[in-house]
Amino acid sequence: MTTLDSVVATAEPVLRVSGLSKRFGATRALDGVEIEIQHGEIHALLGPNGSGKSTLIKILAGYHHADRGAHAWLDGEPFDLAAITSARHHRLRFVHQDLGLINELNAMDNLALTRGFARTSYGRIRWSEQEAATRALVNRFGLDLDVRRPLSEATPVERTVVAIAAALQGWDEDERGLLVLDEPTARLPPGEVARLMEIVREVRRSGASVLYVSHRLDEIFEVADRVTVLRGGRLVGTRPVDQLTPPALAAMMLGEAVEADRLPAPARRHAALAMEVRDVSAGPLDGVSFELREGETLGLAGLRGSGHELLPYVITGAYAGDVRGSVRVLARSPEWVDVARAGRLGLPLVPADRTRVGIISEFSVEENMTLPLLGRLRGRHGAIDRRRVAALVDHWIDRIGISTAGRAAPITTLSGGNQQKVVMARCLALEPPVMVLCEPTAGVDIGTRLQLYDLIAEQARAGLGVVVASTDVDDLIAMCTRVLVIRNGRLAREISGEAITESALLDAMEGIA
């Protein structure tokens, strides 16, 4: 990691913001926040869900306007934060978490959507020139990409590089500005995170500064020079990263001390079988079988495309493709069920992409939490019993610690971590014998992550069987008593107990061991 001593100091920071406040109705999302980012600096922005990070970024991007009293400067020149606009300043560039790409188009077309095509004087597209310019942009980051191939066929890190290249194009070499990266590794498998870290350093070497937003402390200590922490919409402080430790940084985020070695884990015990899966084949999966016991948290690991990320959807009946194999859940029925009809077992699934398939954005917290439970919440004459609904939702809001204005609050007003808690509550309220989780901590802060670890551990101790598919090895280490590593569609290795380490998991996933 480089330090501030290794970057070029200038009289003015590339970005300086002071007095930044934003209120949404009765909610104060930001309250007098200040931040300075130096030239050539990778500056991390951290904070719990709901801390104001997203609001700050959206104000910089022009999506929201700041309240009166906010001031901002780029290289000492003031610019306005008080308007909503399609682009706040040409030297502020953004790569949002959803990347903003059209995956059906190729890299050339996606870049042209931002800056236009190279054309002749008659308006015809100069395809060879367009291709050469696109290749030059992506090759700068060491990416050997077929720029004519649809991005739907690219890897997650390749799509991220294309989004970064699209953001950087058109910058004058003598007038570099600030690139804002919002959770760039949220959907990346472990093997591709290191590649992205090097790409971020390459952005700095090109002359740009970077505002790096992430929930992952290990990334901050690897790549950032300084870190600014927000909590509750207010500035906690800005510190050089080399003067912090992970527990100290976590304490800044949470407002309380965090044990450095805190790894909540479910009780390990021999118990009756909860579920059996036999000879499952679907997509890349080829004859995968496993058992899950009551009170066990079983991890599924693998590289992208190995099939581990598909297996949870297959065994819960949420996969629409061709499948073979069988499954049985002992608490529901001793009989084997064709996996194509696994949906009739009623096993709840926490999907990997909660925004698209985990929640209904037009619905309230209450509606999202109770949708699959309405049959159980009817009164004597078949109408929904509103008191039972309210009691159930209030119970889970309190039980899991969901931060919300109330049952009727739109789900979109909640932070990502609290939305995830709503999805978890909906699954747990079904009182299932087995629950299946995909990427359970993606995009959530360290506080919510620890709360989710504790919640799953408690449910496992009560006898719930849990299946966790994750590309985050920290999840697998913290939550699982056993991990199945899937490679090329087949079960490659089983790792149990204290043998579940980062190196063991990565080696098994990559076929080294």
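The values are calculated or read from the model by the stated rules, or taken from the named source; none is laboratory data. What you are looking at is a predicted structure, and each value in this text was computed from that prediction instead of being measured. As a convention, Cβ positions derive from the backbone with ideal geometry for all residues, glycine included, and neighbour counts pool all protein chains shown. What goes into the accessible areas is simple: the full protein's heavy atoms, side chains included, and nothing from ligands, DNA or RNA. Shrake-Rupley method; radii C 1.70, N 1.55, O 1.52, S 1.80 Å.
Here are the numbers for the structure shown:
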| item | result |
| --- | --- |
| Region 455-475 - residue that is buried (at least 23 other Cβ atoms within 10 Å of the Cβ) and touching a helix residue (DSSP H, G or I) at 6+ places or on another chain (Cβ under 7 Å) and, of those, nearest to Arg399 (Cα to Cα) | Ile456 |
| Meets criteria (among the β-branched types (Val, Ile, Thr), modelled with pLDDT of 90 or more and under 25 Å from Tyr453 (Cα atoms)) for Ile359 | no |
| Of residues in region 110-138 being within 17 Å of Ala167 (Cα to Cα) and open to solvent by 90 Å² or more (accessible area, probe 1.4 Å), the one modelled with the highest pLDDT | Leu113 |
| Count of region 331-346 residues which are open to solvent by less than 30 Å² (accessible area, probe 1.4 Å) and part of a strand (DSSP E or B) | 1 |
| Among the residues listed as Val203, Val180, the single one being open to solvent by less than 20 Å² (accessible area, probe 1.4 Å), at pLDDT below 85 and in contact with a helix residue (DSSP H, G or I) (Cβ under 9 Å, 6 or more places away or on another chain) | Val203 |
| Flag for Met435 being touching a Gly at 6+ places or on another chain (Cβ under 8 Å) and not small (Gly, Ala, Ser) | yes |
| Residues of region 206-217 that turn out to be touching a helix residue (DSSP H, G or I) at 6+ places or on another chain (Cβ under 8 Å) and closer than 22 Å to Thr441 by Cα, as a count | 5 |
| Residue list for region 89-105, filter: free of Cβ contacts under 8 Å to residues at least 60 places away in the same chain and aliphatic (A, V, I, L, M) | Ile102, Leu105 |
| Within region 55-88, considering residues that are in a helix (DSSP H, G or I) and in contact (Cβ under 8 Å) with a residue 24 or more places away in the chain, the one farthest from Gly255 (Cα to Cα) | Ala61 |
| Residues of region 304-330 that turn out to be part of a strand (DSSP E or B) and either free of Cβ contacts under 8 Å to residues at least 60 places away in the same chain or surrounded by fewer than 18 Cβ atoms within 10 Å (Cβ to Cβ) (or both), as a count | 5 |
